[in-house]
Amino acid sequence: LTDKKLLTRYEQIYDSWVRIAPGNKAIDFHAQDSTGKEFSLKDFKHQYVCLYLWQNVYPCIVEFSHLKKLDSLFKEKNIQLINLSIEPKLDEWKKTIRNQDTGKHFFLKNEKEFLKKYHYSSGTIHQFILIAPDGKIVESHLPNASSGKLEKYLTEQL
């Protein structure tokens with residue numbers, strides 16, 4: 001590349017992908033539960049954490065029924081399912097999670113900066129990330145629960 005601006009941008013993107021590569025320290029989040037209590041990734045150390053980043057749209061909400069089927073696997077493997085909503089409206093998020101009882105549900109604050117760090121794409125609608133008990137990324141783009149491949153991955157890899 002001879003265009004210095006383009007090269008600089010390419011290097012920034014490459015460096016950010018490297019930052020979320022397996023083995024690197026996971027990026028912390030700051031979120032709240034439905035009562036307003038604050039949580040971060042540090043609150044779940046010594047456990048595997050499966051982060052589910054989701055929007056308040058039908059395909060994402062459908063994933064909850066598939067995640068519910070994995071409850072016993074999550075317990076067996078000591079995995080804490082953290083559902084991080086990127087719904088911008090707190091009231092809409094609370095309405096959506098009212099009947100969802102799998103994992104812990106959190107409303108993600110300052111979601112734009114956090115999502116950029118994990119290369120979340122609104123085009124993919126949702127993303128699953130696995131973090132090890134030592135706080136390092138195991139995988140930053142797990143398969144969807146609805147595909148059946150998430151269960152297979154967790155069973156074979158952990």
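Please go through the stretch 15-27 and pick out each residue that is among the hydroxyl-bearing types (Ser, Thr, Tyr) and part of a strand (DSSP E or B). Listed by number, the list is empty, since nothing qualifies. Tell me, yes or no, whether the stretch 28-38 has at least one residue that is touching a residue at least 40 places away in the same chain (Cβ under 8 Å), in contact with a His (Cβ under 8 Å, 6 or more places away or on another chain), closer than 26 Å to Leu150 by Cα and not basic (Lys, Arg). Checking the stretch 28-38: at least one residue is touching a residue at least 40 places away in the same chain (Cβ under 8 Å), in contact with a His (Cβ under 8 Å, 6 or more places away or on another chain), closer than 26 Å to Leu150 by Cα and not basic (Lys, Arg). Once the stretch 43-84 is narrowed to residues that are charged (D, E, K, R) and modelled with pLDDT of 95 or more, the residue that is least open to solvent (accessible area, probe 1.4 Å) is Glu63.
Scanning the stretch 105-120 for residues that are modelled with pLDDT under 90, open to solvent by less than 50 Å² (accessible area, probe 1.4 Å) and at negative phi yields Leu108, Glu111, Phe114, Leu115, Tyr118, Tyr120. Look through the stretch 4-42, keep the residues that are open to solvent by 80 Å² or more (accessible area, probe 1.4 Å) and polar (S, T, N, Q), and return whichever of them is nearest to Phe106 (Cα to Cα). Residue satisfying both the conditions and the ranking: Thr35.
Against the conditions (1) touching a helix residue (DSSP H, G or I) at 6+ places or on another chain (Cβ under 7 Å); (2) touching a residue at least 12 places away in the same chain (Cβ under 8 Å); (3) surrounded by fewer than 14 Cβ atoms within 10 Å (Cβ to Cβ), Leu1 satisfies every one except (2).
The values are calculated or read from the model by the stated rules, or taken from the named source; none is laboratory data. What you see is a predicted model; the values in this text were computed from it and never measured. A quick note on method: Cβ atoms are made from the backbone with ideal geometry, for glycine too, and the neighbour counts reach across all protein chains shown. Protein only, heavy atoms only, side chains kept; ligands, DNA and RNA dropped before computing areas. Shrake-Rupley method; radii C 1.70, N 1.55, O 1.52, S 1.80 Å.
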